[in-house]
1. Does any residue in the range 25-49 that is among the aromatic types (F, W, Y) come within less than 6 Å, Cβ to Cβ, of a residue that is surrounded by 12 or more Cβ atoms within 10 Å (Cβ to Cβ) and in a helix (DSSP H, G or I) six or more places away or on a different chain, and which pairs are these?
2. Within the range 57-75, can one find any residue that is part of a helix (DSSP H, G or I), modelled with pLDDT under 85, open to solvent by less than 50 Å² (accessible area, probe 1.4 Å) and not basic (K, R)?
3. With the requirement that a residue be open to solvent by 80 Å² or more (accessible area, probe 1.4 Å), more than 20 Å from L24 (Cβ to Cβ) and modelled with pLDDT of 70 or more, what does the range 78-101 give you?
4. What are the residues in the range 28-53 that are open to solvent by 70 Å² or more (accessible area, probe 1.4 Å), out of contact with any helix residue (DSSP H, G or I) (no Cβ under 7 Å at 6 or more places or on another chain) and either closer than 28 Å to A75 by Cβ or modelled with pLDDT under 80 (or both), if any?
5. When only residues in the range 1-27 that are in contact with a Phe, Trp or Tyr (Cβ under 9 Å, 6 or more places away or on another chain) and open to solvent by 80 Å² or more (accessible area, probe 1.4 Å) count, which is nearest to G53 (Cα to Cα)?
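The values are calculated or read from the model by the stated rules, or taken from the named source; none is laboratory data. These figures come from a predicted structure and were not determined experimentally. Neighbour counts are summed over all protein chains in view; Cβ atoms, including those assigned to glycine, are modelled from backbone coordinates with ideal geometry. Please note that ligands, DNA and RNA were not included when accessible areas were found on the heavy atoms of the full protein model with its side chains. Shrake-Rupley method; radii C 1.70, N 1.55, O 1.52, S 1.80 Å.
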Amino acid sequence: MDKSAWENFIFVLYGNVGRKLKILAQVCGIIGIVCFLLAFLIELLTMFDAFNGLLLLTMGLLGILCIISSWPLYAFGQLVEDVQLIRSGASKQKDAGADELPDL
């Protein structure tokens, strides 16, 4: 690989990490919701099975854990995006008039 191809590969892999972390957090949250709903549906369909309640308990806890653990990951992705905006100076252009105080 030449230098530009390698740099493009690295940028695709690690560029805009904040956005990728936020997408990963959303995917983890959706997986948690699907696990919880799937456990509830299976529990309803097999109401008088030998594993009554055990599947709902384990998959329900897994689903809730996935949802709750996705919040800090999403928040960290948001922080990374905000720091990148501050570093690039884009936030100063957007909020140029926000720091001006009115005349009294």
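1. F36/G60; F36/G63
2. Checked the range 57-75: at least one residue is part of a helix (DSSP H, G or I), modelled with pLDDT under 85, open to solvent by less than 50 Å² (accessible area, probe 1.4 Å) and not basic (K, R).
3. Answer for the range 78-101, where residues must be open to solvent by 80 Å² or more (accessible area, probe 1.4 Å), more than 20 Å from L24 (Cβ to Cβ) and modelled with pLDDT of 70 or more: I86, R87, S88, E100, L101.
4. I30, V34, L37, M47, F48, D49, A50, F51, N52, listed by residue number.
5. Q26
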